[in-house]
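Student: Dropping the structure in here first, questions after.
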Amino acid sequence: MTHELTVYNSLSRQKEKFVPLEEGFIGMYVCGPTVYSDVHLGNCRTFVSFDVIYRFLLQAGYKVRYVRNITDVGHLTDDADSGDDKIAERAKLEQLEPMEIVQKYTNGFHEMMTIFNTKKPDIEPRATGHIMEQIEMVQTILDNGLAYVKNGSVYFDTIKFHEQDGLYGKLSGRIIEDLLTETRDDLKNQSEKNHPSDFAIWMKASDAHLMKWNSPWSLGFPGWHLECSAMSTKYLGNQFDIHGGGNDLKFPHHENEIAQNYGACKCQPAKYWLHTNMLLMNGKKMSKSDDNSITPQQLFTGDSKHITKAYSPMVLKFFMLQSHYASTLDLTNEALLAAEKGYKRIMEANRYLQTITDHSGQGHAELDQKISDLTDQVAADMYDDFNTPKALSRLFELVPVINSVKDGKEGYGDIAKASIEQLQQTFRIYLFDVFGLQDEFEAGGNALSDKFSGLMDLIIDIRKDARATKNWDTSDKIRDKLTELEIALKDGKEGTNWSIK
Ligand code: AMP
Ligand code: ZN
């Protein structure tokens, strides 16, 4: 059956039929990371979500140009117009050049994206590589009368823009009058702005500022929001189809992007705005200061008090797919254990399914219909705003069918050969091409790690028995040897856990 793509558009706050600006082609821009520290799991969730969207659009037959930037200048520590540059601050701390910081954390980000088996974007532009384009855009906005210069800095005039187009605040649902009062108190060193809600598109740099460029207005640097406006325009045109990012970027970042694009070309840049929701842990926002955070590395090694064991990257990815990109996702040990079980079950079924070559059923009305309905529904769910949890649940409904074929259950041998082929194709396409999962058993990875976990359980058991009988020689020997192998044991109320250091 053919399906129609619908997406939830944050701009209109409703689900809309997706109609690309040019039939068959899609331009998609996603805000990439600010490369001043290790990428965290929340970032990974957003980028994995857009990877699945990109993969599905390709699968649906579109020719997609996917642009995801690297922010390497202009993002200040307070996320607005004051504070130091996040990258420069980190450079001072680590005693490195800003560009060394950029390279270090860009490499780390790319490694993490490879670990999660995401596709590379078609273009990955950097803000520092597009200073000329940003200066040109500032000039155009000035020429259009929507910005003003003050002491070498250039500010976007939000009030004038709002009076002209009534658009400032539309995406984030902010009301200009509230914005004016909200931001009035934090003016401090921003007193050169005409209105508190105005924002910098070019900033004059202080002498101490590390990253600065010549411009018609001052030796300075571009405002954070400007890079995305300039680079999306350069690579996707004044108007393009999809703009994405986490929903924490709606305001001020995306709101200001829209304002700048309007200021430069009098048009709404993206037709559809897609926002991912935040990753939580144990029901609360992940936060380092509240001791409620975990890094991808900790998850992969099990070295965290929040989890009882190590989880593989594909289990994590599977866990992410089990919720819709626009819903919050709560990471708990229980949820990860469940995801691990689900991942193994579906991979196991698929492994058998793909080995069936000699099926010769003549047809079974009910089962053939069930396979046809459910496989079609998998596609329908993905066409419905990329609903991965629903699509996965249809695949799960098909697992007992596969297992019954395997067990030779009565009637299942009659399933038509074409239905089996349909199943094989659906599982192959969705698990691997669209969701971008990998079968870790097949690669030998998890099969090995399962055996390893089993061995560790056995060793922990032997140590427990030794301690119970006060056989300290054996228990010390086990701990010392494990320490040598860089495996740590943690004794707690609920027993002993292990992790790889
Ligand atoms: P940043 O490097 O902070 O600019 O973030 C890069 C991307 O990750 C942006 O699209 C953010 O919205 C997104 N992001 C940041 N924190 C989280 C989180 N906890 N959950 C999901 N996405 C996030
Ligand atoms: Zn951006």
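Student: I need every pair where a residue in segment 1-22 that is part of a loop (DSSP other than H, G, I, E, B) has its Cβ under 9 Å from the Cβ of a residue that is surrounded by 11 or more Cβ atoms within 10 Å (Cβ to Cβ) and of a type in the set (Lys, Arg), sequence separation at least 6 or different chains.
Tutor: Close Cβ pairs (under 9 Å, with a partner that is surrounded by 11 or more Cβ atoms within 10 Å (Cβ to Cβ) and of a type in the set (Lys, Arg)) amount to Ser10/Lys250; Leu11/Lys170; Leu11/Lys271; Phe18/Lys271; Val19/Lys271; Pro20/Lys271; Leu21/Lys271.
Student: Oh, and also: Within segment 36-46, identify whether any single residue is within 16 Å of ligand 1 (Cβ to nearest atom), outside any strand (DSSP E or B), touching a Gly at 6+ places or on another chain (Cβ under 8 Å) and aliphatic (A, V, I, L, M), and answer yes or no.
Tutor: Within segment 36-46 (the criterion being within 16 Å of ligand 1 (Cβ to nearest atom), outside any strand (DSSP E or B), touching a Gly at 6+ places or on another chain (Cβ under 8 Å) and aliphatic (A, V, I, L, M)), the answer is yes, since at least one residue qualifies.
Student: Name the single residue, out of those in segment 1-54 being among the charged types (D, E, K, R) and open to solvent by less than 50 Å² (accessible area, probe 1.4 Å), that is farthest from the chain's Cα centre (by Cα).
Tutor: Glu16
Student: While we're here: For segment 203-217, name all the residues that are touching a Leu at 6+ places or on another chain (Cβ under 8 Å) and either open to solvent by less than 20 Å² (accessible area, probe 1.4 Å) or not charged (D, E, K, R) (or both).
Tutor: Once the filter is applied, which keeps residues that are touching a Leu at 6+ places or on another chain (Cβ under 8 Å) and either open to solvent by less than 20 Å² (accessible area, probe 1.4 Å) or not charged (D, E, K, R) (or both), segment 203-217 yields Ala205, Trp213.
Student: Considering every residue within segment 286-293, establish whether at least one is open to solvent by less than 10 Å² (accessible area, probe 1.4 Å), away from ligand 1 (no atom under 14 Å from the Cβ) and either at pLDDT below 95 or closer than 30 Å to Ile159 by Cβ (or both).
Tutor: no
Student: Continuing with the same structure: Considering (1) touching a residue at least 12 places away in the same chain (Cβ under 8 Å); (2) open to solvent by less than 40 Å² (accessible area, probe 1.4 Å), say which one Lys309 fails and leave the rest.
Tutor: That leaves (2) as the condition not met.
Student: Shifting gears a bit: Return the residue satisfying two criteria in turn: it lies in segment 218-245 and is open to solvent by less than 10 Å² (accessible area, probe 1.4 Å) and among the aliphatic types (A, V, I, L, M), and of such residues it is farthest from ligand 2 (Cβ to nearest atom).
Tutor: Here the answer is Ile242.
Student: Further, regarding this structure: Identify, please: which residue in segment 348-381 is open to solvent by 70 Å² or more (accessible area, probe 1.4 Å) and among the hydroxyl-bearing types (Ser, Thr, Tyr) and is, among those, nearest to Tyr325 (Cα to Cα)?
Tutor: The selected residue is Thr355.
Student: Quick one: in segment 259-285, which of the residues that are open to solvent by less than 10 Å² (accessible area, probe 1.4 Å) and either assigned to a loop (DSSP other than H, G, I, E, B) or hydrophobic (A, V, I, L, M, F, W, C) (or both) is farthest from ligand 1 (Cβ to nearest atom)?
Tutor: Ala259
Student: Scan (1) modelled with pLDDT of 95 or more; (2) assigned to a helix (DSSP H, G or I); (3) within 13 Å of ligand 2 (Cβ to nearest atom); (4) within 25 Å of Ile176 (Cα to Cα) for the single condition Asp248 breaks and write down its number.
Tutor: (1)
Student: In segment 286-297, what residues are part of a loop (DSSP other than H, G, I, E, B) and either of a type in the set (Ser, Thr, Tyr) or within 16 Å of ligand 2 (Cβ to nearest atom) (or both)?
Tutor: First pass over segment 286-297, keeping only residues part of a loop (DSSP other than H, G, I, E, B): 286, 288-291, 293-295.
Hits for segment 286-297 are Ser289, Ser293, Thr295.
Student: Return the pairs, sorted by first residue and then second, in which the second residue is aromatic (Phe, Trp, Tyr) and open to solvent by 50 Å² or more (accessible area, probe 1.4 Å), the first residue lies in segment 391-402 and is at negative phi, the beta carbons are less than 7 Å apart, and the residues are 6+ apart or on different chains.
Tutor: Ile402/Tyr352
Student: Checking Ser327 against (1) within 16 Å of the chain's Cα centre (by Cα); (2) in a loop (DSSP other than H, G, I, E, B); (3) within 25 Å of Ile460 (Cα to Cα), which single condition isn't satisfied?
Tutor: Only one criterion is unmet by Ser327, namely (3).
Student: Got a sec? Which of Leu93, Leu57 is surrounded by fewer than 20 Cβ atoms within 10 Å (Cβ to Cβ), of a type in the set (A, V, I, L, M, F, W, C) and assigned to a helix (DSSP H, G or I)?
Tutor: Only one candidate passes the filter, namely Leu93.
Student: Same structure again: Confirm whether Ile176 is modelled with pLDDT under 90 and buried (at least 16 other Cβ atoms within 10 Å of the Cβ).
Tutor: In short, yes.
The values are calculated or read from the model by the stated rules, or taken from the named source; none is laboratory data. Bear in mind the structure is a predicted one, so any value in this text is a computation, not a measurement. Counting neighbours? That spans all protein chains shown, and the Cβs are built from the backbone with ideal geometry, glycine included. All accessible areas refer to the heavy atoms of the entire protein, side chains included, with ligands and DNA or RNA removed. Shrake-Rupley method; radii C 1.70, N 1.55, O 1.52, S 1.80 Å.
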